[in-house]
Ligand code: AMP
């Protein structure tokens with residue numbers, strides 16, 4: 001096993017790594033750091049969670065130290081472009097950590113914040129600038145910044161930058177940076193448009209790849225509920241409150257919807273049912289977005305509802321579950337969404353809610369990714385619960401008691417318990433996740449509430465997933481401060 005100092009990094013960087021507590025390089029770091037230190041251009045095909053930020057930042061910092069140039073007026077020496085504001089902010093935090101001992105100045109500029117403040121902070125230039133393309137070009141157009149000092153250019157999550165329509169911005173930036181520079185280009189996928197972009201930006205790059213294209217992360221167990229659209233909210237509430245057991249102990253739960261209004265609606269309904277959650281999407285101000293992420297990260301609010309704006313690049317340790325409340329209509333997006341769990345070597349669980357009208361998306365994502373989703377059963381009497389006659393919704397005080405009809409959940413795509421179209425249920429435990437065996441399923445809240453093995457369905461496990469030793473699966477997230 002290679003160590004960081006064998007890769008040729010400088011003492012200040014090694015000290016910063018020690019402070020971070022990283023002992024060994026990840027595969028992308030092992031492959032990328034030596035050629036970048038030699039000054040080569042790099043094409044990295046890697047998903048988030050692989051440690052790619054350090055793979056470009058560590059050698060990038062050493063390249064700047066070695067060249068030892070002065071900070072250029074109204075310019076920067078290393079420019080890192082990222083698709084989203086959250087990712088840019090996160091990269092800047094890492095850059096500050098990694099560069100702490102090297103004495104490099106790091107700045108970040110993103111849209112949705114004061115342009116005047118950005119203008120002021122960049123007036124004297126900076127060593128490292130992390131930016132979203134739109135804001136960067138705004139400042140360039142206002143003559144508040146230029147790219148003439150760039151020695152190292154990094155494009156992170158290039159495929160998402162294209163998805164977000166930054167192609168023209170990137171082409172312009174390519175014309176403004178000096179020809180003599182080093183380019184480090186990262187993308188999770190390599191469609192044709194990206195290959196063309198690489199040709200424009202890079203000069204004979206060393207290619208490193210750590211995961212096959214579009215494959216879903218290996219450490220993520222993936223499950224599926226076939227559920228009607230109007231049942232999704234009830235199912236989510238039952239899961240989050242621990243009334244319907246799911247695999248794994250809920251720590252932080254990230255839930256994806258397709259639309260901004262959908263995200264707000266879910267938050268509102270959860271709130272009406274005493275479950276606190278925040279939403280993060282494009283209609284929120286930058287301050288609101290950052291606050292929601294901070295609360296999630298700090299554990300003050302353990303449920304976050306997001307649109308795809310948060311699907312890429314965001315690194316929050318301790319996301320135990322990703323729930324696809326609505327399936328994405330682009331298969332790759334599924335890979336990015338579920339990649340928010342299983343960060344930094346941990347395991348994770350992804351659960352998809354698929355309604356009748358989403359079957360095509362499900363088939364598409366199974367065909368285009370390696371996703372194998374194991375089907376889970378809906379709660380017993382679920383339809384009755386949804387219609388408000390089930391036992392989880394007590395009648396108001398003084399009201400006449402509604403007779404609790406037992407209604408079987410309406411089977412989707414055939415008889416109840418049968419496989420969903422295209423889903424590949426497994427009867428046996430997945431041997432590739434031996435580390436999960438014996439892990440308790442219920443969280444502290446499960447202990448508190450007696451949920452998990454309790455609830456309306458004690459002892460019963462959702463169809464098909466393996467029995468774990470210890471407590472039952474399920475248990476709502478710990479809602480600290482909720
Ligand atoms: P990234 O793919 O850059 O978003 O990194 C994913 C996570 O891995 C982040 O939480 C990093 O702090 C962490 N990380 C990066 N490199 C290492 C390493 N060599 N050892 C342990 N953790 C790491």
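Just so it is clear, none of the values below were taken in a lab; they were calculated from the coordinates. Model, not experiment: these values are computed from the prediction. Ideal geometry is used to build each Cβ from the backbone, glycine not excepted, and the neighbour counts take in all protein chains shown.
Which shape class, rounded, prolate or oblate, goes with the stretch 220-387 when its Cα gyration tensor gives a ≥ b ≥ c as root eigenvalues, a/c under 1.5 marks rounded, and past that a/b bigger than b/c marks prolate?
It comes out rounded by the Cα gyration axes.
Ranking 295, 358 by Cβ neighbours within 10 Å, fewest first, what do you get?
The fewest-first ordering by Cβ neighbours comes to 295, 358.
With just the Cα atoms defining each centre, how far is the stretch 260-279 from the stretch 98-117? Give it in Å.
If we compute the Cα centre of each part, the gap is 33 Å.
Just want the ordering: 336, 168, from fewest to most Cβ atoms lying within 10 Å of their own Cβ.
Ascending number of Cβ neighbours within 10 Å: 168, 336.
With just the Cα atoms defining each centre, how far is the stretch 39-78 from the stretch 5-33? Give it in Å.
Taking the Cα centre of the stretch 5-33 as reference, the centre of the stretch 39-78 is 14 Å away.
Could you tell me what a quarter of the Cα convex hull surface of the stretch 1-55 works out to, in nm² with one decimal place?
Average projection, Cα convex hull of the stretch 1-55: 3.8 nm².
Taking the Cβ of each residue in 296, 256 as the centre, tally the other Cβ atoms inside 10 Å and list the residues starting with the fewest.
296, 256
Can you classify the stretch 4-209 as rounded, prolate or oblate using the Cα gyration tensor, where a ≥ b ≥ c are the square roots of its eigenvalues, rounded means a/c under 1.5, and otherwise it's prolate if a/b beats b/c and oblate if not?
Verdict is oblate for the stretch 4-209.
Subtracting the Cα-Cα distance from 0.36 nm times the residue separation, let me have the gained length for residue 285 to residue 69 in nm, one decimal.
So the chain would gain 74.0 nm between residue 285 and residue 69.
Viscosity 1.002 mPa s, temperature 20 °C: Stokes-Einstein D of the stretch 98-181 from its Kirkwood Cα radius, in µm² per second?
157 µm²/s
Between rounded, prolate and oblate, where does the stretch 276-375 land on the alpha carbon gyration tensor, with a ≥ b ≥ c its root eigenvalues, rounded for a/c under 1.5, else prolate if a/b exceeds b/c?
Because a/c hits 1.5 or more and a/b exceeds b/c, the stretch 276-375 counts as prolate.
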